[in-house]
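Asks: Okay, handing you the structure first.
The values are calculated or read from the model by the stated rules, or taken from the named source; none is laboratory data. This structure is a prediction, so every number in the text was calculated from the model and none was measured. With ideal geometry, Cβ positions are generated from the backbone for all residues, glycine too; neighbour counts draw on all protein chains shown. We work out accessible area using only protein heavy atoms, side chains counted, and drop any ligands, DNA or RNA first. Shrake-Rupley method; radii C 1.70, N 1.55, O 1.52, S 1.80 Å.
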Amino acid sequence: MFKQQFNTRVYFFRYFKVRIGYTIEATYSNISCSASKSVVVDGKSYIRDEYTNVTPKILSFIGINNHNRIGHPLNLFKQRLVNFFYDHFRGRTGNPIFSIYNEISPVVTTNENFDSLLVPKDHPSRNKTDSYYLNKTHMLRAHCTAHQSELIKMGLDNFVIFGDVYRRDEIDATHYPVFHQADGVHIFTPNELELINGSNVNVFDNDKNNSNNEKQGVYSIEANNIVTNHLKNTLVAMIKKVFGEEIEYRWVSEYFPFTHPSFELEINYNGQWIEALGCGVIRHEILKNSGAGNRIGWAFGLGLERLAMPFYSIPDIRLFWSKDSGFLNQFQNLPKDGRMKYKPISIYPQCINDISFWLPKEKPFCSNDFYELVGNCGGPLIEQVKLIDQFTHPKTGNVSHCYRIVYRHLEKTLTQAEVNEVHKLIETNATKILGIKLR
């Protein structure tokens, strides 16, 4: 949810074992030459159309659910957040009032992912270059916020959703096409606001047009301020519970389609400011469309990997997909505070190859298509892909791109011959599939 979902470039992920050579080529061949007329996810078929861009490799991540794997660092970090909401919010009987959802299918409708959250029709996040589509009406969720309206319609007031999300993006140590999120919602009735405030509260503003940078027109200043303060106090308490009372933080005003006012919470960790989460007061239109138009509430969203990486000092997002016992065993028998510093298991050198080519004139070229092709060909061997040079021929107008591809295996030293084999496969498939011309 929030800014990490709504930049045209976002961040994140993957790691699984692929053998160089035959296995890689067979995998990519299945992606590019599939003759199936439908995409099957969890036993359900979705008819392909002009929007379909999901690949077999991406579909292979569905159901892994690292956030639910006992002993996995994402599961351990998730549990810290769950414990906070269970302990921080209890009803009169002492029972937790927040519901936790861990296993909702990542397949959603485009209405759930975009329209129900008031995402503009022309927003770049809707593009095929940014999201994974099963077909025109169904996709792999780009954020767990996609389930917000559905759960509110079911009558739920307080909940946190954890799940895997999917986005097309560049490849580096902090970006991967599959990652995990937590999205939370807390909705208040007028009576609940009175309990917080200690006196009667008018939730709605008589002047519905009284909208400004501080609040939505429909809500009163008083109700808006109560909810905003409750939101900020809750999330600061959560961050302090996770990272410690001494953590330095700051609030930054932001814009998100589904909340207003909206904020980012940043934390200073090891001398660097990190975007921890996005949040805000839920747009009244969303609540009204979900059957809760007489209420007001807040919502937040955060990336589990984004916070787990500094928390455990994990340098590369691909490691969260590792099955190597040298990685996973480090998270067994943690101390009482749950803190540990990851000890690197990959001490192996990088191999760097550049690739230069002319862009096709016959069809549009998107860098995200190339990033994904490289990831499909090289799998976990790809540490980073970066555009390092662009050139337009002064006479022909032809455009050239040069990309630097960094290869590194997490468990062994790569030979140049192994790297060249993968690099050749990238060149071949980029020429065949994307229509580029090698320089």
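Asks: Of ASN206, ASN229, ASN202, which residue is open to solvent by 30 Å² or more (accessible area, probe 1.4 Å) and either outside the structural domain of PHE300 (by the TED database) or at pLDDT 95 or above (or both)?
Replies: Details: ASN206 fails: either outside the structural domain of PHE300 (by the TED database) or at pLDDT 95 or above (or both); ASN202 fails: either outside the structural domain of PHE300 (by the TED database) or at pLDDT 95 or above (or both).
Criteria check complete, one pass: ASN229.
Asks: Within the range 401-438, which residues are in contact with a Cys (Cβ under 8 Å, 6 or more places away or on another chain) and more than 16 Å from PHE370 (Cα to Cα)? Steps first, answer last, please.
Replies: So in the range 401-438, the residues in contact with a Cys (Cβ under 8 Å, 6 or more places away or on another chain) come out as 406-408, 414, 416, 419, 422, 425-426, 429.
The answer is ARG408, LEU414, GLN416, VAL419.
Asks: One residue is enough: does the range 326-345 have a residue meeting the conditions in contact with a Leu (Cβ under 9 Å, 6 or more places away or on another chain), more than 30 Å from LYS241 (Cα to Cα) and modelled with pLDDT under 90?
Replies: Taking every residue of the range 326-345 in turn, none turns out to be in contact with a Leu (Cβ under 9 Å, 6 or more places away or on another chain), more than 30 Å from LYS241 (Cα to Cα) and modelled with pLDDT under 90.
Asks: Of all residues being open to solvent by 10 Å² or more (accessible area, probe 1.4 Å) and touching a helix residue (DSSP H, G or I) at 6+ places or on another chain (Cβ under 8 Å) in the range 308-322, which is farthest from HIS260 (Cα to Cα)? Just the residue, please.
Replies: At the first step, the residues of the range 308-322 found to be open to solvent by 10 Å² or more (accessible area, probe 1.4 Å) are 309-310, 313, 315-316, 321.
In the following step, the residues that additionally are touching a helix residue (DSSP H, G or I) at 6+ places or on another chain (Cβ under 8 Å) were identified as 309, 315, 321.
Details: MET309: 29, PRO315: 34, TRP321: 36 Å.
Of everything passing the filter in the range 308-322, TRP321 is farthest from HIS260 (Cα to Cα).
Asks: A further question follows. Hey, can you tell me all the residues within the range 47-71 that are more than 28 Å from PHE370 (Cβ to Cβ) and either buried (at least 19 other Cβ atoms within 10 Å of the Cβ) or in the same structural domain as ILE433 (by the TED database) (or both)?
Replies: HIS67
Asks: While we're looking at this one, here's another question. Whether any residue in the range 323-334 is of a type in the set (D, E, K, R) and loosely packed, with under 13 Cβ neighbours inside 10 Å is what I want to check. It would help to see each step written out before you state the result.
Replies: Going through the range 323-334, the residues of a type in the set (D, E, K, R) turn out to be 323-324.
Right, trim to loosely packed, with under 13 Cβ neighbours inside 10 Å and you get 323.
The answer is yes, given that some residue of the range 323-334 is of a type in the set (D, E, K, R) and loosely packed, with under 13 Cβ neighbours inside 10 Å.
Asks: Still on this model: Does LEU373 count as at pLDDT 90 or above, in a strand (DSSP E or B) and closer than 16 Å to ILE171 by Cα?
Replies: Details: at pLDDT 90 or above: yes; in a strand (DSSP E or B): no; closer than 16 Å to ILE171 by Cα: yes.
Answer is no for this residue.
Asks: Oh, and also: Of the numbered conditions (1) open to solvent by less than 70 Å² (accessible area, probe 1.4 Å); (2) in contact (Cβ under 8 Å) with a residue 12 or more places away in the chain, HIS393 satisfies every one except a single condition; which is it?
Replies: Every condition holds for HIS393 apart from (2).
Asks: Consider SER116 against the criteria (1) part of a helix (DSSP H, G or I); (2) in contact (Cβ under 8 Å) with a residue 40 or more places away in the chain; (3) within 27 Å of MET309 (Cα to Cα): it satisfies all of them except one. Which criterion is unmet?
Replies: (3)
Asks: Continuing with this model, one more query. Which condition does ILE70 not pass, out of (1) modelled with pLDDT of 95 or more; (2) closer than 30 Å to GLN332 by Cα; (3) β-branched (Val, Ile, Thr), if it passes all the others?
Replies: Single failed check for ILE70: (1).
Asks: For the range 162-172, indicate whether the set of residues that are at pLDDT below 95 and assigned to a strand (DSSP E or B) is non-empty.
Replies: yes
Asks: Can you pull out the residues in the range 284-293 that are open to solvent by 30 Å² or more (accessible area, probe 1.4 Å) and farther than 15 Å from VAL203 by Cβ?
Replies: Residues satisfying the conditions are GLU285, ASN289, GLY291.
Asks: Among the candidates GLU222, GLU305, GLU214, GLU264, single out the residue that is touching a residue at least 24 places away in the same chain (Cβ under 8 Å), surrounded by 22 or more Cβ atoms within 10 Å (Cβ to Cβ) and assigned by the TED database to the domain that holds HIS147.
Replies: Details: GLU222 fails: surrounded by 22 or more Cβ atoms within 10 Å (Cβ to Cβ); GLU214 fails: surrounded by 22 or more Cβ atoms within 10 Å (Cβ to Cβ); GLU264 fails: surrounded by 22 or more Cβ atoms within 10 Å (Cβ to Cβ).
The unique qualifying residue is GLU305.
Asks: Taking the range 87-104 as the search range and keeping residues that are within 24 Å of the chain's Cα centre (by Cα) and of a type in the set (Phe, Trp, Tyr), which one is nearest to TRP321 (Cα to Cα)? Show your work before the answer.
Replies: Start the filter on the range 87-104 by keeping residues that are within 24 Å of the chain's Cα centre (by Cα), which leaves 98-104.
Adding the requirement that they be of a type in the set (Phe, Trp, Tyr) leaves 98, 101.
Working: PHE98: 29, TYR101: 22 Å.
The extreme case among them is TYR101.
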